[in-house]
1. Indicate the gyration tensor shape class of segment 1-88 (rounded, prolate or oblate), computed on the Cα atoms with a ≥ b ≥ c the square roots of the eigenvalues: a/c under 1.5 is rounded; otherwise a/b larger than b/c is prolate and the rest oblate.
2. Restricting to the chain, compute how many DSSP beta bridges are antiparallel as a %, nearest 5.
3. Grab the DSSP H runs of the chain that are 4 residues or longer, score each as -39,500 (n - 2.57), total them, divide by all residues and round the 222 nm result to the nearest 500 deg cm²/dmol.
4. Based on the Cβ-Cβ distance of residue 196 and residue 145, what FRET efficiency does E = 1/(1 + (r/R0)^6) give at R0 = 41 Å, to the nearest 0.05?
5. Mind checking the full-extension length gain between residue 112 and residue 247? Use 0.36 nm per residue of separation minus the Cα-Cα distance, one decimal, nm.
6. Output the 0 to 90 degree angle, nearest 10, between the alpha-carbon long axis of helix 104-118 and the longest principal axis computed from the alpha carbons of the chain.
7. Any chance you could run the full-extension gain for residue 3 through residue 101? It's 0.36 nm times the residue separation minus the Cα-Cα distance, nm to one decimal.
8. Shape verdict for the chain, please, from the Cα gyration tensor: rounded (a/c under 1.5), prolate (a/b greater than b/c) or oblate.
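Here, each number is a calculation from the coordinates, and none is a lab measurement. Because the structure is predicted, anything quoted here is derived from the model rather than measured. Glycine gets a Cβ as well: all are built from the backbone with ideal geometry, and neighbour counts include every protein chain shown.
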């Protein structure tokens, strides 16, 4: 549609009737080798605080646990959705989806199995999250070998436990097989808050359901491109792409300026 306004123009036309939903890692925070050290840059945090005073909806949806997000996104009035929407936090009040909670025993089982099978593989790190478990190989000296080992072990454990396998950038995650993902989380936000203009920003395979959901609803799908690490399917779902988190931080600042924040 050649006459369609840019995402910034659409959101800034009536900020209080607009919504912006953001992934955390690779969108707000740079991707780094140690996932535990991931942090929101001061510049981006300041821009989010500006946007929170102007936009009708500003939210973060991530595969990270909601406790992790609470520690890093300390902006009042910004709802946080962790574990692909299975956890929620609104100004410190947490909720866990009951369907996901019923699978926590299987997640514990998967955690133990991953550590037994992969604990001695150099550079492979097992991350136990609130309602899921992930195996990362970003720090492995040989990515190809580590990827094959992790994918084989994760697939085997998924079959044994009934957990759902979720691939990502140099990571395989096992999580409850509930009908909830970033797409359903975003769709629920749009249904309850009903913004006139809205956008979602992501960077990984787990963001594709959310990118599709906003496009199907007439919104803007924004993708942060990390070069060779970014799957072509993610870029194919984008209305607009950005060359890394710094480029996207520039866009957020431009949006804040345009809204008068």
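1. The shape class here is prolate.
2. Numbers: 20 of 40 bridges.
Looking only at bridges with both residues in the chain, the antiparallel portion is about 50 percent.
3. Details: 10 runs with 104 residues, N = 261.
Mean residue ellipticity, 222 nm, calculated: -12000 deg cm²/dmol.
4. Numbers: r = 50 Å, r/R0 = 1.22.
That pair, residue 196 with residue 145, gives E of 0.25.
5. Details: separation 135, 0.36 × 135 = 48.60 nm, distance 3.96 nm.
Going from the current span to full extension adds 44.6 nm.
6. That works out to roughly 60 degrees.
7. Working: separation 98, 0.36 × 98 = 35.28 nm, distance 4.63 nm.
Once the chain is fully extended between residue 3 and residue 101, it gains 30.7 nm.
8. Prolate shape, in that a/c is at least 1.5 and a/b is the bigger ratio.
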